[in-house]
Every structure is written in C-alpha cells, then in structure tokens.
Amino acid sequence: MNISGKTKICGLIGDPVEHTMSPVMHNAAFDKLSLDYAYLPFRVKPEELPQAVSGLKALNATGFNVTIPHKVAVIPLLDELDPLAEKIGAVNTVVNDNGVLKGYNTDASGFLQALLEREVEPKSMNIVLLGAGGAARAIAYILSEWNARLTILNRREELDWAKAIAANIRKDLGKDIEVFELLPAHLAAALEPADILVNATSVGMSPNSGISPVPAQLMKSGLVVVDIVYNPVRTKLLQDAAAAGAVTVEGLDMLVWQGALAFEKWTGKKPPFDLMKEVALSELEKNEK
Ligand code: NAP
C-alpha cells in the first residue's frame, strides 16, 4: 500500500478494536482493485465519540465503520440516516458525502445477503431467532421486512428486550413476533415447525467455543442453521447441525458481506468478496493460535 497525498481514508471506531477483521479485509480489497484508499482502526472511548466523529468529518474521511459500543450512540452525531438503520436504531457504516455523514446498517443487509447467496429466501419462512442484543435486533428487522414468521427466544433476565424489539416491529411493520424465554422446552416447541434457526447470541464464541445454545438432539435435516458467531468459524452449533444433516451458514459470511457492502458504498466498486473472505479467515486463524 502506497500512502500518497491523494489517499482516501476509511476506518473503524470502536472500543476495543484490537481483534477486528475489518482492516485486513478492506486494505486487501483496496489493493486488489488498485484503489488509493487506506483503512485504519481507531479505539475511541464512549466519552470521546463526538470528537472522534467530528474529527473524521474534519479530516475528510471517505467513511467509517462503527462497532461496539458506539452503534447506537453515533446516531445523533450523524447528518442523515438510511431508513433501515433508522428503524433498527443502530449504525455500523457511515459514508461522508462532501461533509454530510449518512449512517447505514450493513449488519442487517450483510446477514440477508449471506442467506440469499446460499439461495435461502426468508420470505414466509418460520424462523427461530436466538438472542435480543444489537445484532439480533438488526436481524429481526430485516427478516420481518422480508415477511418471515419470527419467534425470538432470549434469556429470562433480558426478556423485556426481546419484547421491546417485537413491539417496535409490530408498530413499524405490523408484523407479529412471538417471544419466549430461552429454555429447552420452548426451543423444542419453536423448532418443530421451523425452517431456519439463527443464533444471534454470543453463546459458543471463543474462548467458550465448546458450548452451543441448542441441544444437539434438536437439530434436524431440512433445517437451515445460521450462526452469526464467527470466532470460531465452525461453532459447536454448526457442527451439531451439520452432523444432523442440516444446511449450515457461517457467521463469517455475514461478517464479510457487511464489510463488502460498506466497501461498495465508500468506493462505488464491486468488492472482491472471495479475497475479503480469504484474508478474514486467515486473520481469524491467526487470532485463534
Ligand atoms: P450483544 O448486543 O452483547 O448481545 C448478546 C446476546 O447474547 C444477548 O441477547 C444476550 O442475552 C445473549 N447471551 C449472551 N450470553 C448468553 C448465554 N449464556 N445464554 C443465552 N444468551 C446469551 O452482542 P451482539 O453485538 O448482538 O453480538 C452477538 C454475537 O454476534 C457476538 O458473538 C458477535 O461477535 C456476533 N456478531 C457477528 C456479526 C457478524 O457479522 N457475523 C455481526 C455482529 C455480531 P441477554 O440479552 O440475556 O444478555
């Protein structure tokens, strides 16, 4: 990468940012397409978010990603919001259009793209979604927009969160979502008619990679199982699903798609998806050692 006086800057703001895959994905893609861009990670503490956002604008950055814990707090600092990001209430990608900062949510569209790429259409499907955190909320919105029939299961302590997501979607989109506590009996009942299971909890994520949010005996062939956890790439949930003959979709696909969609917004170019996936995978393997 040659930094010149004309190099355009993209980046990531979050805290922490040490383990992010985004710099390797984007810089490899810029190189591949010979684009004079560079992507940098910036650790930004919550109390310094306003200065960081106006700083990136003043420095004329082309755009940036936003990660935990800033995806919601960044919204009032932006000039415009894409309607999907507005409904979800979270932003992970910002485009700087000549000093006008516009926020998008490519976590949601990246998740959808990962399904469509595997020829899984959520329309009218029975979908069981585990979790009610930031990612689950984005996924619940986009699946509802696609007319999926959703059941959300979450831990008891935060069940109100899941109910709030369902209430918002009912208000915005007029779709009914069933909400239950994440218990084996509820899981078994919800999975009976399910076409797709999505894990949007952090259960199974490294270093606790030996556990799954779903008992292995509930897996069945004909089910599509999506785990948005990408570290490890083959989670226990996906291993159990594959052993039962289910179709599996890895969280790495969603991760790369959210990056690829951001790349396209910043550069206007079609991203080299396979290369981005390859470098993200090798970075993940490096982190696992
Ligand atoms: P978050 O906002 O912190 O939400 C975490 C969710 O996991 C909450 O619903 C939480 O339940 C649930 N949870 C945590 N521990 C649990 C346990 N032991 N049993 C049951 N539920 C549990 O995090 P997030 O941003 O939504 O991310 C969730 C996961 O998705 C993370 O592993 C993250 O790395 C991954 N992710 C992947 C992508 C991708 O592109 N592939 C994108 C975003 C996130 P409570 O509500 O009860 O706390």
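Hey, what did segment 109-249 get for relative contact order, percent, Cα under 8 Å, at least 6 apart?
On the way: 261 pairs, mean separation 30.3, N = 141.
Answer for segment 109-249 is 21 percent.
Please work out the average accessible area per residue across the chain, using the 1.4 Å probe convention, and give it in Å². Display every interim value, and only then the final one.
On the way: 13490 Å² over 289 residues.
Value for the chain: 47 Å² per residue.
Within segment 74-216, what percent of beta bridges assigned by DSSP are antiparallel, to the nearest 5? So the antiparallel bridges amount to about 25 percent of the total.
Taking 20 °C and 1.002 mPa s as conditions, the chain diffuses translationally at an estimated 110 µm²/s according to Stokes-Einstein applied to its Kirkwood radius (Cα pairs). Along its principal axes, segment 56-103 has C-alpha extents of 27, 21, 14 angstrom, given from the largest down. Charge dipole of segment 149-289 (Cα centre as origin; +1 on each Lys and Arg Cβ, -1 on each Asp and Glu Cβ, all else neutral): 220 debye, rounded to the nearest 20.
Take every pair of alpha-carbon atoms less than 8 Å apart whose residues are at least six positions apart; their mean separation over the length of the chain yields a relative contact order of 17 percent. Each Lys and Arg contributes +1 and each Asp and Glu -1, all at the Cβ; summed about the Cα centre of the chain, the dipole is approximately 200 debye. The separation of segment 245-289 from segment 65-94, counted between C-alpha centres, amounts to 21 Å. Compute the separation of the alpha-carbon centres of segment 188-216 and segment 112-165 and state it in Å as a whole number. For segment 188-216 versus segment 112-165, the Cα centre distance is 13 Å. Per residue, the Cα convex hull of segment 29-176 amounts to 134 Å³. Counted over the chain, the DSSP beta bridges are approximately 20% antiparallel.
Remark on Thr93: its backbone amide H falls under 5 Å from those of Val66, Tyr104, Thr106, a criterion applied only to residues 5 or more positions apart or on other chains, H modelled at 1.01 Å from N.
Using Cα pairs closer than 8 Å and at least 6 residues apart in sequence, work out the relative contact order for segment 1-73, in percent.
Working: 92 pairs, mean separation 34.4, N = 73.
In percent, rounded to a whole number, it is 47.
Charged side chains reduced to their Cβ positions (Lys and Arg at +1, Asp and Glu at -1) give segment 1-82 a dipole of some 200 debye around its Cα centre.
Estimated from helices alone, the mean residue ellipticity of the chain at 222 nm is -12000 deg cm²/dmol (sum of -39500 (n - 2.57) over DSSP H runs with n ≥ 4, per residue).
When the solvent-accessible area of the chain is split by element, carbon and sulfur atoms take up 51 percent of it, the probe being 1.4 Å.
Annotation: Tyr230 carries an accessible surface of approximately 80 Å², with a 1.4 Å probe and no ligand, DNA or RNA atoms counted.
Could you give the Stokes-Einstein D for segment 223-283 in µm² per second, using the C-alpha Kirkwood radius, 37 °C, 0.692 mPa s? Write down the numbers at each step before the final one.
Working: Rh = 12.5 Å.
Here the translational diffusion coefficient equals 264 µm²/s.
Given springs between every Cα pair under 10 Å in a Gaussian network model of the chain, which of Ala189, Ala242, Ala162 has the largest fluctuation? With Cα springs under 10 Å in the chain, the top fluctuation among Ala189, Ala242, Ala162 is at Ala189. Summarised in one figure, the compactness ratio Rg/Rh of segment 138-289, Cα atoms and Kirkwood Rh, is 0.99.
Sorted largest first by accessible area at a 1.4 angstrom probe radius, with every protein chain in place, the residues Ser212, Ser124 fall in the order Ser124, Ser212.
The values are calculated or read from the model by the stated rules, or taken from the named source; none is laboratory data. Quick caveat, the model's predicted, so the values are computed rather than measured. Glycine also receives a Cβ, built like all others from the backbone with ideal geometry; neighbour counts cover every protein chain displayed. Calculation scope for accessible area: heavy atoms of the full protein, side chains included, ligands and nucleic acids excluded. Shrake-Rupley method; radii C 1.70, N 1.55, O 1.52, S 1.80 Å.
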